[in-house]
């Protein structure tokens, strides 16, 4: 299959002498059947460290979205390429991303404010996600039905098929504009669906380049639709589109409830809010635990749904853990994400950083203490370690989504488990201990979608099932598991 066109022609970003973007990107559009859709309005994308405009993106109208849904529906009715060809396309996308690392890295850093190491890690993971999806494309099968269990039906033959569900709508967040997008669209395409993706209007550029890469890799253009715009406009219009069969949404619990309500009897996969905890027991390997927790708390400026927000520390090792975490934080350069040694860049907006500062100030008024950090310069928030926080403070009780970590001492493991469970959320947790019996027991009691033993809460591998319980949502990502979400199971029986 010949590579397709690249309508927006997103080029590399030029950096000035200070190491920040100096040029604006060309105006970008939505893509329907591989063709640009200009729209009736547009919005500006900012480089997150300097706040400079770097792109103007067109937003489609309600009528254009309705037309795009009709195009996607017709594409699904015509059918996707056979599984082997879908696998070839997905592997080719992985190859093109690998070749185009510099373009993806620069766009990623510019629109997110995350550091170059964060960008490279996301690119590496995206390649794995595509390769896993390609493998699953050719082995999406059902199972045999044991009719012999029913008297008089032993001669019947029954089996199930897994068939594509239809149009899959992926609504994605700002904090993972490449790999989270791929965790939704690559399995959906692998299963033979048509896909509509609406990236965050804060970070639309990486997704645009990704969709162009799919076209260049030979994906039939009408199987992938890119719709740029805000949740209040484009997102709302998508929720009103009856042709969509499945919604996959990553974002806040508040918006997740709206998605679920609008979906009605249609199926959804929702990855929502989180307050992630990690527990350090007295027998833990602290050489291992401290750097993992610091990385998990502050990577991407703490703007990850599984970032450690609460670290429960057994009181007998509280002093040592505190000292180690302070030392780990001192080793994290903060500031310009374009510099190769920076590990923590700006938050997504200055308003987000201001909110974080106000929550910290509120905690200090309640007698919490800052052990390190706490400062802010514009949208750059210093990694902050807090002591003497407690229930009732927003830094503990609400999802902070910022580089802020609270230390909470405990005496008995069951107290730490109870504390970690005492939130509306349940996405991911971690526990460090050498006592495997205690670890397994705690894992059974922790009400989270994942519990990682001797890892922090953010220890995600792209092959694993990923999703939450309670107000963190339901359904599972991970290519194998997402394919089950976006396919229908059909029973076939034969009575010879």
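Bear in mind that the values in this text are calculations on the coordinates, not laboratory data. Predicted model, so just to flag it, every value in this text is computed and none were measured. Glycine also receives a Cβ, built like all others from the backbone with ideal geometry; neighbour counts cover every protein chain displayed.
Per-structure values
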quantity	calculated
Mean Cβ count within 10 Å, highest first, over the residues of peptides 126-139, 391-404	126-139, 391-404
Rel. contact order, % - alpha carbon contacts under 8 angstrom, at least six apart, the range 122-214	30 percent
Length gained when the stretch residue 121-residue 261 is fully extended (0.36 nm per residue, less Cα-Cα span)	46.9 nm
For the range 362-408, share of DSSP beta bridges that run antiparallel, in % to the nearest 5	60 percent
Label-point separation in nm, residue 331 to residue 494, each point 7 Å along Cα→Cβ	6.2 nm
Shape of the range 276-465, Cα gyration tensor, a/c cut at 1.5	prolate
DSSP beta bridge pairing in the range 276-465, given as percent antiparallel to the nearest 5	20 percent
Rounded, prolate or oblate (a/c below 1.5 giving rounded, otherwise prolate when a/b exceeds b/c) for the chain by Cα gyration tensor	oblate
Antiparallel content of DSSP bridges confined to the chain, in %, to 5	45 percent
Percent RCO, i.e. relative contact order, over the chain, from Cα pairs under 8 Å lying at least 6 residues apart	18 percent
Per-pair calculated FRET efficiency, R0 = 22 Å: residue 339 and residue 102 via Cβ, rounded to 0.05	0.85
Stretchable slack from residue 35 to residue 361, in nm (0.36 nm times residue separation minus alpha-carbon distance)	112.4 nm
Theoretical gain in end-to-end length, residue 421 to residue 438 [0.36 nm per residue, Cα-Cα removed]	4.5 nm
Value of relative contact order over the range 276-465, rounded to a whole percent, pairs C-alpha under 8 Å and six or more apart	29 percent
Mean-position separation - Cα centroids, the range 423-458 and the range 179-257, in angstrom	32 Å
Global geometry of the range 153-292, whether rounded, prolate or oblate, following the gyration tensor of its Cα atoms and the 1.5 cut on a/c	oblate
